[in-house]
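Remarks on the structure that follows.
Bear in mind that the values in this text are calculations on the coordinates, not laboratory data. Note that this is a predicted model, so its numbers are computed, not measured. Glycine gets a Cβ as well: all are built from the backbone with ideal geometry, and neighbour counts include every protein chain shown.
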Amino acid sequence: MPRNRGAMTQVDAAGATSTGAAPEVPQVEVTLTVNDTEHHLRLDSRVTLLDALRDHLGLTGAKKGCDQGACGACTVMADGKRVVACLALAAQYEGRRITTIEGLAPNGELHPMQAAFARHDAFQCGYCTPGQIMSAVSLVAEGRAGSEEDIREFMSGNLCRCGAYPNIRAAIRDALAEG
Amino acid sequence: MHPFEYVRATDSDQAVAVVTEDPSASYLAGGTTQLDLMKDGVLDPDRLVDITRLPLGGISHTDSSIRVGALTTMEELAADPVVRERLPFVWEALLLGASTQLRNMATIGGNLLQRARCRYFRDPTVAACNKRSPGSGCAAIAGIQRMHAILGTSDHCIALHASDVAVPLTALDALLHVQGADGTRTVPLTQFYLPPGDTPHIENVLRHGELITAVEIPLLPAAARSHYIKVRDRVSYEFALTSAGVALVQEDGVIREARVALGGVGTVPWRAWDAEDVLRDAPAGADTFLAAARAALGGARPLPGTAFKVELAQRTLIRTLETVAGAES
Ligand SMILES: Cc1cc2nc3c(=O)[nH]c(=O)nc-3n(C[C@H](O)[C@H](O)[C@H](O)COP(=O)(O)OP(=O)(O)OC[C@H]3O[C@@H](n4cnc5c(N)ncnc54)[C@H](O)[C@@H]3O)c2cc1C
Ligand code: FES
Ligand code: FES
């Protein structure tokens, strides 16, 4: 089993490990595939996917609200499924296809869900918005935007302190109708 | 967060060997409990063994049971058509838990091993927590209670087991398949969790390094007519104040088989054996349901902050029984 202490640990053919000048804090070599681009990073093993995206890749669309999995501001997709990046260890997501809000509009043309949010004024301060939109796009893909009740239930992992919920739901219904 | 070495396991035997040999090592599955508590400083392993690449996913069916690989996510399990059709209360409990994002990450093994939501347990600046530091006392008993247990508590701990899906799985006598350094064993879920007693830090019968490989859920005929009700402080995305999972077999208005478990009230997912005894061979109706609910909560030891749960849990159970009994075709 590879003991991933970054470049510092080598496992030889006999399975014995030889450690070079080990750093104080264990590091990991991680290749993250974000919005179809591969990034090779050397990270403190404690770095979350959210911090890797924001602090190491400059993708600040995903927001840090609670940092405890409770608010949904950090929602991104892994292999097409929505997850909260604050409770994901970056190293654990190596090899998985990560999509962030930046990846929704690669050519600068708004994704239909983004356009619907803008049309419906589905935000006030905007802090929760990238997470709401990533969740809303997933919601539609999951086939769960069929009723008002389902939209409420399956968007409940995204909190909005400004209370833009009615507009958020209207935007989702509209995007679905357009879609 | 305490620094740790990240180890990506590719083989179950080696994962078990590494964690068994190293008292400061922990497994990492979906991470939604483990990382959360590491950030809060409640857990501080020196080595974290990522098991998500192990071949422990997948769901297989026989006529009499479903075998769910421990790494199956809550969303994956909820999407299984057999779960939806033949185990409706399992399906409901899965989808009423957490959020879609968390359910896409959270594994069934991790769910059953999730840790207490007690705010005193989760805050290392609070000195008194017997679960975190054995012998230090219990700040919750003298403090603010709400999301705490009233059944199975002790003078040393009142922390709740907050899993939703563990409630129907307990009612169904699900089995855990466990791999240890010395081989494999199976443990019935009803014997897996340990009430706090005077050792609240020991929560279940797993030995350090033992890996849950699968959860086997019997496909009982009773489960086809089952229901899970969860009562919360808000409509969605919240832990249960009280919950009930019920499966019934009825014949001409008489209950022939009853499976009943409660959430939100027990230090462990609570199998309501006393309620089942009242229900079996009794006429399905208000008097029976009330008697069953009273029996289920008979041993409750509420504190001021949890006193409301005694009545609420009974009403939750009665409503669930009514719904299942009323669904008789
Ligand atoms: C905001 C929030 C809301 C939530 N709401 C709910 C809710 O309403 N209902 C509900 O039921 N739950 C809820 N949860 C809890 C959630 O369901 C659990 O955190 C999750 O199921 C844990 O699974 P995981 O795969 O992420 O486990 P991890 O966090 O990876 O692991 C949990 C523990 O189990 C150990 N472990 C994991 N897998 C194995 C294995 N196969 N063998 C041995 N040990 C193992 C780990 O070492 C760790 O100690 C919520 C969580 C959050 C953060
Ligand atoms: S920042 Fe991740 S859920 Fe709040
Ligand atoms: S728009 Fe401000 S938090 Fe949602």
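For B:V249, the conditions (1) crowded, with 17+ Cβ neighbours inside 10 Å; (2) assigned to a loop (DSSP other than H, G, I, E, B); (3) of a type in the set (V, I, T) all hold with the exception of (2). Given the condition of a type in the set (S, T, Y), assigned to a strand (DSSP E or B) and touching a residue at least 60 places away in the same chain (Cβ under 8 Å), answer yes or no: does some residue in the range B:178-190 qualify? No, the range B:178-190 contains no residue that is of a type in the set (S, T, Y), assigned to a strand (DSSP E or B) and touching a residue at least 60 places away in the same chain (Cβ under 8 Å). Looking at the structure I just gave you, is B:G183 more than 15 Å from ligand 1 (Cβ to nearest atom) and farther than 30 Å from A:S156 by Cα? Spelling it out, B:G183 is indeed more than 15 Å from ligand 1 (Cβ to nearest atom) and farther than 30 Å from A:S156 by Cα. Scanning the range B:28-65 for residues that are β-branched (V, I, T) and within 18 Å of the chain's Cα centre (by Cα), we see that the one that is surrounded by the most Cβ atoms within 10 Å (Cβ to Cβ) is B:T32. Among the numbered criteria (1) under 27 Å from B:R225 (Cβ atoms); (2) of a type outside the set (G, A, S); (3) more than 14 Å from chain A (Cβ to nearest Cβ), which single criterion is violated by B:L56? The number of the failed condition is (1).
Only one entry in B:R271, B:R315 is of a type in the set (K, R), within 19 Å of the chain's Cα centre (by Cα) and within 16 Å of B:T242 (Cα to Cα), namely B:R271.
Can you tell me which of A:A115, A:A91 is more than 16 Å from ligand 2 (Cβ to nearest atom), in contact (Cβ under 8 Å) with a residue 60 or more places away in the chain, assigned to a helix (DSSP H, G or I) and within 14 Å of chain B (Cβ to nearest Cβ)? Give the steps one after another, and end with the answer.
On the way: A:A115 fails: within 14 Å of chain B (Cβ to nearest Cβ).
After applying the criteria, what remains is A:A91.
Every condition in (1) under 24 Å from B:A275 (Cβ atoms); (2) assigned to a strand (DSSP E or B); (3) among the β-branched types (V, I, T) holds for B:T170 except the one numbered (2). In the range B:158-194, the residue that is farthest from ligand 2 (Cβ to nearest atom) out of those that are out of contact with any helix residue (DSSP H, G or I) (no Cβ under 7 Å at 6 or more places or on another chain) and under 19 Å from B:A240 (Cβ atoms) is B:A171.
Scanning the range B:146-167 for residues that are out of contact with any Cys (no Cβ under 9 Å at 6 or more places or on another chain), more than 16 Å from ligand 1 (Cβ to nearest atom) and assigned to a loop (DSSP other than H, G, I, E, B) returns B:I150, B:G152, B:T153.
If you go through the range B:127-145 and keep only what is of a type outside the set (A, V, I, L, M) and touching a Cys at 6+ places or on another chain (Cβ under 8 Å), you end up with B:C129, B:N130, B:K131, B:S136, B:G137, B:C138.
Each row is one residue, and each column tells you yes or no for (1) under 19 Å from A:E142 (Cβ atoms); (2) in contact with a strand residue (DSSP E or B) (Cβ under 7 Å, 6 or more places away or on another chain); (3) within 16 Å of ligand 3 (Cβ to nearest atom); (4) of a type in the set (S, T, N, Q).
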| residue | (1), (2), (3), (4) |
| --- | --- |
| B:P81 | yes, no, no, no |
| B:L96 | yes, yes, no, no |
| B:N104 | yes, yes, no, yes |
| B:G109 | no, yes, no, no |
| B:F121 | no, yes, no, no |
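How about the range B:99-116: which of its residues are β-branched (V, I, T) and within 6 Å of ligand 1 (Cβ to nearest atom)?
Here is the first cut: in the range B:99-116, the residues β-branched (V, I, T) are B:100, B:107-108.
Passing the criteria: only B:T107.
Being within 11 Å of chain A (Cβ to nearest Cβ) and more than 8 Å from ligand 1 (Cβ to nearest atom) is the filter here; which residues of the range B:85-98 pass it? Across the range B:85-98, the qualifying residue is only B:L95.
Scanning the range A:53-88 for residues that are assigned to a helix (DSSP H, G or I), more than 11 Å from ligand 2 (Cβ to nearest atom) and either touching a Cys at 6+ places or on another chain (Cβ under 8 Å) or free of Cβ contacts under 8 Å to residues at least 12 places away in the same chain (or both) returns a single hit, A:D55. Entry remark, the range B:25-51: residues being without any contact (Cβ under 8 Å) to a residue 40 or more places away in the chain and within 10 Å of chain A (Cβ to nearest Cβ) number 5 in total. In the range A:68-109, the residue that is surrounded by the most Cβ atoms within 10 Å (Cβ to Cβ) out of those that are charged (D, E, K, R) and more than 9 Å from the chain's Cα centre (by Cα) is A:K81.
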